[in-house]
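One structure is given below, encoded as structure tokens.
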Amino acid sequence: MVLTKEKRPGGAVDDVRRPKTPSDSKTDAAAKSVASPPPSPGGMFLLTPVEEEVFCRERFSEEQLEIERMVREFAVDRIAPHRDELETHNGELTRRVMREVGELGLTGIDIPERYGGMGLDKTTSALVVEALTLSGASSWIVTFSGHTGIGTLPLVFFGNEEQKKKYLPKLATVESLSAYSLSEAEAGSDALNLGATAHLSDDGSSWLLNGNKIYVTNGGWADLFTIFAKIDGKKMSAFLVERGTEGLTIGPEEHKLGIKGSSTVSLFLENAKVPVENLLGEPGDGGSIALNILNIGRFKLGAADLGGCKWVTDLATQYALERKQFGQPIAFFEANRKKLAEMVVWTYALDSAIYRTVGLIDRRIAALDPDAPDYNRKAMAALEEYAIEASIAKVLGSESMFRVTDHGIQIYGGNGFSEEYPMAAAFRNTRIDRIFEGTNEINRMVIYGYFLKKALMEELPLRDAAKTWLEGGASDVPEGFLGWELGALDTARRLSVKLFHEAISHHGQDLRNAQVVGEDLADLAIGYFGASSAINRIRQLGDKAAQDTGYQSLARLVVADFLEEVWRIYYRLRPVLLSDGYGLSLAADLDREIERLHLPFDPVADIHHLTNDLFHHQHYRFG
Ligand SMILES: Cc1cc2nc3c(=O)[nH]c(=O)nc-3n(C[C@H](O)[C@H](O)[C@H](O)COP(=O)(O)OP(=O)(O)OC[C@H]3O[C@@H](n4cnc5c(N)ncnc54)[C@H](O)[C@@H]3O)c2cc1C
């Protein structure tokens, strides 16, 4: 059943859809502050044992589960049938589907209730985009995400009362479509290096914007743009610019490798006349607006990729069971079993990492007073606190989805390469995920850059943790279910901390320029966050997982997959760490630790168990 606004008043439906009011949030926050300790700081996951409680989809509230069920149904019944047409750059259809989704309230999840939105938490925001992605309509998802994310959120967090009242209700229902325009030819990854300028008009009534913008998602169809320019060439600022503004010209559509159903254009600003009241925030706030909004965009992109991983895994499983070669379904060949098992393992780790991240952010935000004048500033600070985790969600999401679709194409064989089948578009469409919302290189720099900053500022006790590693010796292997997994993860974690500490001690601030080492360290953090989130989630399931052979194999393979990464990185970094510059004299200790990370089980048997389980259910069944 699809829930509509008309069904809201009274009854069970209303109970499910009723958005939280500020007083609800206060009550929730008060209850939570009594019931649970504050969430650990960003990055702390690398310094704490695996046993820490994590948020995961099994902790969704009844409301969240109901919304998820409703959105999944809508995605499959109402969006998926238009998937091919939505790939053809059909603006009218794209907008029509957006409006339908708007009528359900789904484009207003992040917009406060008093401006026509639902004002729900980030978990709901993430699960909605994940569920919509099960439609397989990835171009349309880019339009949806551009509008609800970077297009609308600058106004939600930085707009004043008049601006919010004027624009947000129409954005919530998609009567207006939004876009975000930061990038320029010379300002891509170096996003603050803008050439676009803004000058106050002689009569003081308008800002006059000049410059050229590129790669504006939704630009061809948008009614409202958030455009970044430097006031007098100095103070980077953000402006709300309406379509039809004098001096604003919208360029032709880009011819792209993928997401061909979405709109991407350039903008030309020639004394574009923007009313003086349409400055967002204060002069000079632009950098903070641009970068903070990206933190939200990043975990939501990871959530969209999660939905994509599930969709592709299900399609590939069903195809492999139907397609026969050499007299049997291709699913039963070990080469395909290995791929399908990896698809399940990567999807599970990503799922666990995404909801752990949004859970941390939600707990921080729930502790704030929504009526306080500095609420938005503090909410932004809460998001920045988890910048490491948000970047991990982005990198893990986009790279898992890329590998999953690559496997999907291979399992489909020649049909994977044909436009008659869904894999070709899925593969093309996911490639952009590693480029926008900050390239994955920039996001890896965010990850090791924040660890560096937090260690140097002593916000994270990295040095103490590395010292303990030396003194503590080998960690014990716990007994029973998940014993090996917990022990192996802890050894890998302590080894990673040690490598981080050595690199930071050696390079200091210059770690930002030692990018090969930095990226390897970021990959250790990404892999550990994914694997530890997954194992913790399974641990929290208790007997349900302990007595389920599917979960047992999944747990072993998740850790084995991460350990492959640890081994690869360790053997590359070892000679670097032992070089004269570093002078690290702990090779024997490190080697002893890495040798402890062997697999005391047969991973091929687990690949068989996990895929038998997958073939039995015929779809990804872990959430
Ligand atoms: C389809 C599409 C939609 C987009 N939508 C939007 C939008 O809605 N709004 C918007 O403002 N922008 C948008 N963008 C722009 C996007 O955010 C940028 O393309 C992206 O940030 C990369 O910038 P760039 O293309 O200039 O690449 P460059 O910055 O030139 O980077 C090229 C390569 O060098 C690497 N690199 C650059 N600097 C460093 C460094 N310091 N260290 C290590 N490696 C580095 C990058 O990782 C990349 O691999 C979109 C782009 C595309 C293609």
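The values are calculated or read from the model by the stated rules, or taken from the named source; none is laboratory data. No experiment lies behind these values; they were computed from the predicted model shown. All Cβ positions, glycine included, derive from the backbone under ideal geometry; neighbour counts span all protein chains shown.
Among residues of the range 174-197 being closer than 30 Å to Val446 by Cα and hydroxyl-bearing (Ser, Thr, Tyr), the one that is farthest from the ligand (Cβ to nearest atom) is Thr197.
Scanning the range 252-272 for residues that are away from the ligand (no atom under 13 Å from the Cβ) and closer than 20 Å to Gly151 by Cα yields Pro252, Phe268, Leu269, Ala272. Does Glu6 satisfy being modelled with pLDDT of 50 or more and either assigned by TED's automatic domain parsing to the domain that holds Asn218 or not hydroxyl-bearing (Ser, Thr, Tyr) (or both)? It is false that Glu6 is modelled with pLDDT of 50 or more and either assigned by TED's automatic domain parsing to the domain that holds Asn218 or not hydroxyl-bearing (Ser, Thr, Tyr) (or both). The set of residues in the range 173-196 being without any contact (Cβ under 8 Å) to a residue 40 or more places away in the chain and part of a strand (DSSP E or B) consists of Glu184, Ala187.
When Asp520, Asp561 are screened for being assigned to a helix (DSSP H, G or I), crowded, with 18+ Cβ neighbours inside 10 Å, free of Cβ contacts under 8 Å to residues at least 60 places away in the same chain and on the phi < 0 side of the Ramachandran plot, only Asp520 passes. Filtered by the rule that a residue be charged (D, E, K, R) and within 13 Å of the ligand (Cβ to nearest atom), the range 436-458 gives Glu437, Glu441, Arg444. Number of residues in the range 94-116 that are under 25 Å from the mean Cα position of the chain (by Cα) and among the basic types (Lys, Arg) equals 2.
Would the range 309-329 turn up any residue that is under 30 Å from Ser40 (Cα atoms) and in contact (Cβ under 8 Å) with a residue 60 or more places away in the chain? Yes, the range 309-329 contains a residue that is under 30 Å from Ser40 (Cα atoms) and in contact (Cβ under 8 Å) with a residue 60 or more places away in the chain. Only one of the listed residues (Leu200, Leu194, Leu208, Leu168) is within 21 Å of Glu282 (Cα to Cα) and assigned by TED's automatic domain parsing to the domain that holds Tyr115. That residue is Leu168.
Can Pro37 be described as at pLDDT below 95 and not acidic (Asp, Glu)? When the stated conditions are applied, Pro37 passes them. Contact map, the range 87-103: residues that are part of a helix (DSSP H, G or I) paired with residues that are hydroxyl-bearing (Ser, Thr, Tyr) and surrounded by 15 or more Cβ atoms within 10 Å (Cβ to Cβ), Cβ distance under 6 Å, separation 6+ or inter-chain. Pairs shown: Thr94/Thr143; Val101/Thr107; Gly102/Thr173. Residue-level analysis places Gly116 among those that are surrounded by fewer than 22 Cβ atoms within 10 Å (Cβ to Cβ), closer than 21 Å to Ala366 by Cα and of a type in the set (Gly, Ala, Ser). Determine, yes or no, whether Leu597 is in contact (Cβ under 8 Å) with a residue 12 or more places away in the chain, in a loop (DSSP other than H, G, I, E, B), surrounded by 15 or more Cβ atoms within 10 Å (Cβ to Cβ) and assigned by TED's automatic domain parsing to the domain that holds Asp613. Considered against the rule, which asks whether it is in contact (Cβ under 8 Å) with a residue 12 or more places away in the chain, in a loop (DSSP other than H, G, I, E, B), surrounded by 15 or more Cβ atoms within 10 Å (Cβ to Cβ) and assigned by TED's automatic domain parsing to the domain that holds Asp613, Leu597 comes out as yes.
Selection over the range 253-288 of residues that are of a type in the set (Asp, Glu), under 20 Å from Asp202 (Cα atoms) and assigned to a strand (DSSP E or B) gives a count of 1. Scanning the range 198-212 for any residue that is of a type outside the set (Asp, Glu) and within 12 Å of the ligand (Cβ to nearest atom) turns up nothing.
It is to be established whether one or more residues within the range 244-260 are at positive phi, surrounded by fewer than 22 Cβ atoms within 10 Å (Cβ to Cβ), under 24 Å from the mean Cα position of the chain (by Cα) and not small (Gly, Ala, Ser). No, the range 244-260 contains no residue that is at positive phi, surrounded by fewer than 22 Cβ atoms within 10 Å (Cβ to Cβ), under 24 Å from the mean Cα position of the chain (by Cα) and not small (Gly, Ala, Ser). Scan the range 416-435 and tell me whether some residue there is among the β-branched types (Val, Ile, Thr), within 16 Å of the ligand (Cβ to nearest atom), surrounded by 22 or more Cβ atoms within 10 Å (Cβ to Cβ) and at pLDDT 95 or above. Yes, the range 416-435 contains a residue that is among the β-branched types (Val, Ile, Thr), within 16 Å of the ligand (Cβ to nearest atom), surrounded by 22 or more Cβ atoms within 10 Å (Cβ to Cβ) and at pLDDT 95 or above.
Only one of the listed residues (Ala335, Ala381) is without any contact (Cβ under 8 Å) to a residue 12 or more places away in the chain, surrounded by fewer than 22 Cβ atoms within 10 Å (Cβ to Cβ), more than 22 Å from Ile607 (Cβ to Cβ) and out of contact with any Asp or Glu (no Cβ under 8 Å at 6 or more places or on another chain). That residue is Ala381. The residues of the range 197-207 that are surrounded by fewer than 19 Cβ atoms within 10 Å (Cβ to Cβ) and either in a strand (DSSP E or B) or at pLDDT below 95 (or both), listed by number, are Thr197, His199, Leu200.
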